[in-house]
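Asker: Provided herewith is a single structure, encoded as structure tokens, for subsequent inquiry.
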């Protein structure tokens, strides 16, 4: 699943409980509860591998966050060069994961473990799944 185009976020319908909360004298705590529920539903979809529900939750959560001025992908939150930095990091980590996969196929577990250890030391969490390895920044990184 790739990035969501900004136009899709802008045009996404907002959940009724969210708009009701915002229309009720900007009841932000209630609106945040709707966002939390949407993120929770998205996490369940991730666990289930349900791509359409993952995408729907992502778009809905980002649309609601956008209303509040908190969409993390909004240009206002990107540090100068942040997008390019993220792309560079992704390319480097994917290259390391590819090398790790090759080492594992060759049963060179010492190299595979060394690559994982380097990524861990750099603050990268690696999750091995049936459909391949995924990475994220480790908690506190």
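The values are calculated or read from the model by the stated rules, or taken from the named source; none is laboratory data. Just so you know, these numbers come straight off a predicted model, no measurement behind them. In this analysis, Cβ positions are derived from the backbone assuming ideal geometry, glycine residues included, and neighbour counts consider all displayed protein chains.
Asker: For region 10-69, give me every one of the helices (runs of 4 or more DSSP H) that falls completely inside it and has 3 or more residues that are within 15 Å of the chain's Cα centre (by Cα), within 29 Å of residue 127 (Cα to Cα) and not assigned by TED's automatic domain parsing to the domain that holds residue 127. Full working, then the answer.
Answerer: Numbers: elements: 16-23, 28-48, 51-67.
Qualifying helices (runs of 4 or more DSSP H): 28-48, 51-67.
Asker: Can we say residue 126 is in contact with a strand residue (DSSP E or B) (Cβ under 8 Å, 6 or more places away or on another chain) and not in a helix (DSSP H, G or I)? Steps first, please.
Answerer: Details: in contact with a strand residue (DSSP E or B) (Cβ under 8 Å, 6 or more places away or on another chain): yes; not in a helix (DSSP H, G or I): yes.
In short, yes.
Asker: Kindly indicate whether any position in region 111-120 is in contact with a strand residue (DSSP E or B) (Cβ under 6 Å, 6 or more places away or on another chain), loosely packed, with under 12 Cβ neighbours inside 10 Å and either farther than 22 Å from residue 46 by Cα or free of Cβ contacts under 8 Å to residues at least 12 places away in the same chain (or both).
Answerer: no
Asker: Looking at 95, 91, can you tell me which residue is over 29 Å from residue 8 (Cβ atoms), exposed (fewer than 14 other Cβ atoms within 10 Å of the Cβ) and without any contact (Cβ under 8 Å) to a residue 12 or more places away in the chain? Working first, answer last.
Answerer: Details: 91 fails: over 29 Å from residue 8 (Cβ atoms).
Step by step, each of 95, 91 is checked, and only 95 is over 29 Å from residue 8 (Cβ atoms), exposed (fewer than 14 other Cβ atoms within 10 Å of the Cβ) and without any contact (Cβ under 8 Å) to a residue 12 or more places away in the chain.
Asker: OK, next. Taking region 16-32 on its own, how many of its residues are surrounded by 11 or more Cβ atoms within 10 Å (Cβ to Cβ) and closer than 25 Å to residue 5 by Cα?
Answerer: Here the count works out to 6.
Asker: Any residue in region 25-36 that's under 15 Å from residue 58 (Cα atoms): show its pairings with residues that are outside any helix (DSSP H, G or I) at Cβ separation under 6 Å, as long as the two are six or more apart or on different chains.
Answerer: Within 6 Å, the pairs are 34/15.
Asker: Output yes when any residue across region 70-86 is in a helix (DSSP H, G or I), in contact (Cβ under 8 Å) with a residue 12 or more places away in the chain, surrounded by 15 or more Cβ atoms within 10 Å (Cβ to Cβ) and in contact with a helix residue (DSSP H, G or I) (Cβ under 8 Å, 6 or more places away or on another chain), and no when none is. Spell out how you get there, then give the answer.
Answerer: Let us first name the residues in region 70-86 that are in a helix (DSSP H, G or I), namely 75-77, 82-86.
Of the ones still in play, those that are also in contact (Cβ under 8 Å) with a residue 12 or more places away in the chain are none.
Among the residues of region 70-86, not one is in a helix (DSSP H, G or I), in contact (Cβ under 8 Å) with a residue 12 or more places away in the chain, surrounded by 15 or more Cβ atoms within 10 Å (Cβ to Cβ) and in contact with a helix residue (DSSP H, G or I) (Cβ under 8 Å, 6 or more places away or on another chain), which makes the answer no.
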